[in-house]
Amino acid sequence: MNTELNYKHLYYFWVTAKEGGMSHAATRLGMAVQTISAQVRQLERELGHSLFKPAGRGLALTEAGQTALQLAEQIFQLGEQLPAAVRDSASQTSVRLMVGISDGLPKLAVRDLLSPVLDEPKLRLLCHEDEFDDLLADLALHRLDVVLSDRPAPANPNLRLYSHALGSSHLGWYAPAAWYDEAARDFPRSLERVPVLLPTSHASVRLRLDQWFERHGLQPRIMGEFEDSALLTTFGASGLGVLPAPDRMREQVERAYGLRWLGDCEGVQEHFYAIGTARKVQHPLVQRLLDVR
């Protein structure tokens, strides 16, 4: 059996089934009945099954023929839609950028990292947040154009991924008004007295924060841990406790969330990466992100 389907043969079969017979199909296609019959017989040989059976003075579909007709209907309906779909695609003025956002990446930094492309007048931005490994799988399957993350892609010869550093930012400590005075007194020792909010281990910076506490001999009073950095900041702004945030976002943290800077988290940096595939690196907007790094 030939496994390479001849779509011309399939088309003649489809018309024959739709028209109810080979003579009607021949009339519709402007061809000889013998030609139609030969093409259908060839398709049957390719598939290894009879598609028609005698039925009175005409033909009826076999069970295999009914299955073939159902699939042929889908194939040729899609074929009929193809010209319009291509025309619509060609007339689109938008430039689509599909971005994966790692759950460990501070959400406050996402807009800042994407700022090089946000002035694109034809931009259509689609952002999808997920766990780091799941995003890399989607990236490898070309479901995403780029992944923004707080860590580079791990070495994996089966996933042809590249990582580009987009910069870094020192971390600082921030407090809501309700805790600012107490937190500012004898900082950073005060972090043992005031409630502290931290990212979970999903964020690569969590290990560096734990090491910072150890270097300073601190046992922080941890009130909450959050996988989503936006939730962490929101709860901090509501007065639940003090929290770390990238200093490059200090103005936004203070203005939008009403938090006040307490002091540096010395030696602790948040790193930012754009991860893509070799096939997608030529995407104009991804290239623009990389060029600005």
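The values are calculated or read from the model by the stated rules, or taken from the named source; none is laboratory data. Being a predicted model, the structure only gives us computed values, none of them experimental. Cβ sites come from the backbone with ideal geometry, for glycine too, and all protein chains shown count toward neighbours. Remember, those area values only see protein heavy atoms, side chains included, never the ligands or the DNA or RNA. Shrake-Rupley method; radii C 1.70, N 1.55, O 1.52, S 1.80 Å.
Quick check: pseudo-label points 7 Å beyond the Cα along Cα→Cβ at His128 and Thr35, how many nm apart are they?
Going by the 7 Å Cα→Cβ label model, 4.6 nm.
Once the piece of chain linking Leu218 and Ala55 is laid out straight, how much longer is it, given 0.36 nm per residue of separation minus the C-alpha distance between them? Write down the numbers at each step before the final one.
Working: separation 163, 0.36 × 163 = 58.68 nm, distance 8.82 nm.
Value of the extension gain: 49.9 nm.
Quick one: which residues, 5 or more positions from Leu123 or on another chain, have an amide H under 5 Å from its amide H? H modelled 1.01 Å from N in the peptide plane, none for Pro or chain starts.
Here the answer is Val95, since their amide H atoms fall under 5 Å of that of Leu123.
Apply the a/c threshold of 1.5 to the C-alpha gyration tensor of the chain and tell me whether it is rounded, prolate or oblate. Let's see the in-between values first.
Working: a/c = 3.77, a/b = 3.36, b/c = 1.12.
Taking the square roots of the gyration eigenvalues as a ≥ b ≥ c, the chain is prolate.
With +1 assigned to the C-beta of every Lys and Arg and -1 to the C-beta of every Asp and Glu, and no other charges, what is the dipole magnitude of the stretch 121-198 about the Cα centre in debye, to the nearest 20? Working shown, then result.
Numbers: 8 positive and 12 negative charges, 65 e Å.
Dipole size: approximately 320 debye.
Just to be sure I follow the rule: in the chain, considering lysines 8 or more places apart or on different chains, how many pairs have Cα atoms under 30 Å apart? Present the calculation step by step, with values, prior to reporting the outcome.
Values: Lys8/Lys18; Lys8/Lys53; Lys18/Lys53; Lys107/Lys122; Lys107/Lys280; Lys122/Lys280.
Close lysine pairs found across the chain: 6.
Using r as the Cβ-Cβ distance of Asp138 and Ser168, and R0 as 35 Å, what FRET efficiency do you calculate, to the nearest 0.05?
Approximately 0.90, to the nearest 0.05.
Cα centroids of the stretch 21-35 and the stretch 175-247: how far apart, whole angstrom?
If we compute the Cα centre of each part, the gap is 79 Å.
Can you tell me the length gained on complete extension of the stretch Thr27 to Arg255, counting 0.36 nm per residue apart and subtracting the Cα distance?
Details: separation 228, 0.36 × 228 = 82.08 nm, distance 7.51 nm.
Roughly 74.6 nm would be gained on extension.
Given charges of +1 on the Cβ of Lys and Arg and -1 on the Cβ of Asp and Glu, with all other atoms neutral, how large is the dipole of the chain about its Cα centre, in debye to the nearest 20?
Working: 31 positive and 36 negative charges, 231 e Å.
Dipole magnitude for the chain comes out near 1100 debye.
Residues with amide H under 5 Å of Gly167's amide H, sequence separation 5 or more or different chain, H placed in the peptide plane at 1.01 Å from N; which?
Correct list: Phe272.
I'd like to check one number: the per residue accessible area of the stretch 127-277, probe 1.4 Å, reported in Å² as a whole number. Don't skip to the end; give the middle numbers.
On the way: 7260 Å² over 151 residues.
Per residue, the stretch 127-277 has 48 Å² of solvent-accessible surface.
Between Ala155 and Leu82, what is 0.36 nm times their sequence separation minus the Cα-Cα distance? Round to one decimal in nm. Don't jump to the answer; show the numbers that get you there.
Values: separation 73, 0.36 × 73 = 26.28 nm, distance 3.97 nm.
Difference between extended and current length: 22.3 nm.
Which one, Ile75, Leu198, Leu10, is farthest towards the positive end of the dipole of the chain when Lys and Arg carry +1 and Asp and Glu -1 on their Cβ?
Leu10
In terms of solvent-accessible area of protein heavy atoms at a 1.4 angstrom probe, what is the ranking of Thr234, Thr27, highest value first?
Details: Thr234 70, Thr27 115 Å².
Highest to lowest solvent-accessible surface, that is Thr27, Thr234.
Using the charge dipole of the chain (Lys, Arg: +1 at Cβ; Asp, Glu: -1 at Cβ; taken about the Cα centre), state which of Pro116, Leu59, Gly100 has its Cα farthest towards the positive end.
Leu59
May I ask you to list the GluC sites (Glu not before Pro) in the stretch 1-61 that are in a DSSP loop and have at most 16 other Cβ atoms within 10 Å of their Cβ? Intermediate values should be presented prior to the final figure.
Numbers: sites: Glu4, Glu19, Glu44, Glu46; in loops: Glu4.
Sites meeting the loop and neighbour criteria: Glu4.
From the residues Pro188, Ser168, Ala153, which one has its Cα farthest along the dipole of the stretch 134-194 in the positive direction, the dipole being from +1 and -1 charges on Cβ of Lys/Arg and Asp/Glu about the Cα centre?
Ala153
Let's see if you can work this out: charge +1 on each Lys and Arg Cβ, -1 on each Asp and Glu Cβ, no other charges. What is the dipole magnitude of the stretch 1-122 about its Cα centre, in debye to the nearest 20? All intermediate terms of the calculation are to be shown ahead of the outcome.
Working: 12 positive and 12 negative charges, 83 e Å.
Magnitude of the dipole: close to 400 debye.
May I ask you to derive the relative contact order of the chain, considering only C-alpha pairs under 8 Å and at least 6 residues apart, and to give it as an integer percent? Kindly include the intermediate steps, with their values, before the conclusion.
Details: 475 pairs, mean separation 60.3, N = 293.
Relative contact order for the chain comes out at 21 percent.
Which of the chymotrypsin sites (Phe, Trp or Tyr not before Pro) found in the stretch 1-75 are loop residues per DSSP with 14 or fewer other Cβ atoms within 10 Å of their Cβ? If you can, show how the numbers build up before the last one.
Working: sites: Tyr7, Tyr11, Tyr12, Phe13, Trp14, Phe52; in loops: none.
In loop regions of the stretch 1-75 (DSSP not H, G, I, E or B), there are no sparsely surrounded chymotrypsin sites (Phe, Trp or Tyr not before Pro).
How much of the accessible area of the stretch 223-293, probe 1.4 Å, is carbon plus sulfur, in whole percent? If you can, show how the numbers build up before the last one.
Values: 1660 of 3460 Å².
The value for the stretch 223-293 is 48 percent carbon and sulfur by accessible area.
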